[in-house]
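Structure first, then comments.
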Amino acid sequence: MKKVICAKDVETLIEQGKSTLYIDANTILTPSAKDAAKLAEIEIVEGAPPQAPCAAPAAPSCDGAISSDLIYAALKALYERGMLDEFLKDIVSKGYVSQAVGGGKIVRGNSVKMEPFETGTPGATACSQEVIGKNDGQIHSGFFEIDQSRFEQDFACEANFHLLEGALNITINGQTVSAEAGDVFCVPAGAKVIWEATNYARLFYSRFPQSKG
């Protein structure tokens with residue numbers, strides 16, 4: 001019979017001051033347990049522990065919910081390890097709210113805080129926020145806004161754009177095209193691009209950085 005590990009079991013580990021959860025082929029780890037372990041930085045290790053403690057009894061049931069007590073215990077564990085300041089700084093520096101989902105994540109669009117984008121052109125106004133980055137996978141994505149401005153940009157890597165709001169003229173390697181909300185376009189690696197928006201334009205992009213090595 002397989003042993004089920006849920007969020008409550010992770011909470012018990014945190015209260016015991018443990019930082020490692022050992023599992024084997026007969027262990028079922030629920031999604032809420034994985035999220036709780038990640039939040040408290042509990043390492044999940046496949047195999048037997050160095051010492052042979054008695055196996056923890058399996059919980060009779062698990063509804064998958066993360067309790068407020070568990071969140072408190074996780075934050076307390078981070079505080080006691082001197083990592084709470086770094087944890088909070090990371091949340092603030094992200095500029096958006098996200099949630100881990102099945103090995104990926106969801107970003108709440110209404111939480112995204114845009115940051116100034118350096119255009120290199122005096123008087124040109126633009127901002128951006130990358131919400132999917134190098135820690136998430138090979139494709140980096142985010143939001144890009146231009147406000148009544150014209151400026152040039154050199155592209156080191158390939159990128160795709162979806163114009164969400166507004167309209168703009170985009171010049172790629174000397175060829176200009178007008179785009180409006182709903183249009184999708186791609187920019188090749190090494191391209192020289194000129195952005196021109198007479199009003200406001202908001203885009204979502206995905207770029208593909210070249211791997212090194």
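The values are calculated or read from the model by the stated rules, or taken from the named source; none is laboratory data. Bear in mind that the values here come from a model prediction, so they are computed numbers and not experimental data. Reconstructed Cβ throughout: ideal geometry from the backbone, glycine too, with neighbour counts over all protein chains shown.
For the subset of region 13-44 comprising residues that are surrounded by 14 or more Cβ atoms within 10 Å (Cβ to Cβ), within 15 Å of residue 69 (Cα to Cα) and not aliphatic (A, V, I, L, M), which member is farthest from the chain's Cα centre (by Cα)? Applying the filter and picking the extreme gives 32.
All conditions in (1) of a type outside the set (Phe, Trp, Tyr); (2) over 19 Å from the mean Cα position of the chain (by Cα); (3) surrounded by 15 or more Cβ atoms within 10 Å (Cβ to Cβ) hold for residue 140, with the sole exception of (2).
For residue 159, state whether it is at pLDDT 95 or above, assigned by TED's automatic domain parsing to the domain that holds residue 125 and crowded, with 16+ Cβ neighbours inside 10 Å. In short, yes. When residue 135 is tested against the conditions (1) within 19 Å of the chain's Cα centre (by Cα); (2) in a strand (DSSP E or B); (3) exposed (fewer than 14 other Cβ atoms within 10 Å of the Cβ), the lone failure is (2). Report the residue count in region 118-154 for those that are over 17 Å from residue 193 (Cα atoms) and of a type in the set (Asp, Glu). Total meeting the criteria: 2.
Taking the listed residues 176, 125, the one that is of a type in the set (S, T, N, Q), surrounded by 15 or more Cβ atoms within 10 Å (Cβ to Cβ) and free of Cβ contacts under 8 Å to residues at least 40 places away in the same chain is 125, with no other qualifying.
For beta carbons closer than 7 Å, sequence separation of 6+ or different chains, a first residue in region 79-106 that is assigned by TED's automatic domain parsing to the domain that holds residue 128 and at pLDDT below 60 and a second that is exposed (fewer than 10 other Cβ atoms within 10 Å of the Cβ) and assigned to a helix (DSSP H, G or I), there are no qualifying pairs.
If you go through region 168-189 and pick out every residue that is out of contact with any Asp or Glu (no Cβ under 8 Å at 6 or more places or on another chain) and of a type outside the set (A, V, I, L, M), you end up with 9. How many of the residues making up region 16-49 are of a type in the set (Asp, Glu), assigned to a strand (DSSP E or B) and either at pLDDT 80 or above or more than 22 Å from residue 100 (Cβ to Cβ) (or both)? Of the residues in region 16-49, 1 are of a type in the set (Asp, Glu), assigned to a strand (DSSP E or B) and either at pLDDT 80 or above or more than 22 Å from residue 100 (Cβ to Cβ) (or both).
Residues that are surrounded by 15 or more Cβ atoms within 10 Å (Cβ to Cβ) and either part of a loop (DSSP other than H, G, I, E, B) or at positive phi (or both) within region 143-156 comprise just one, 155.
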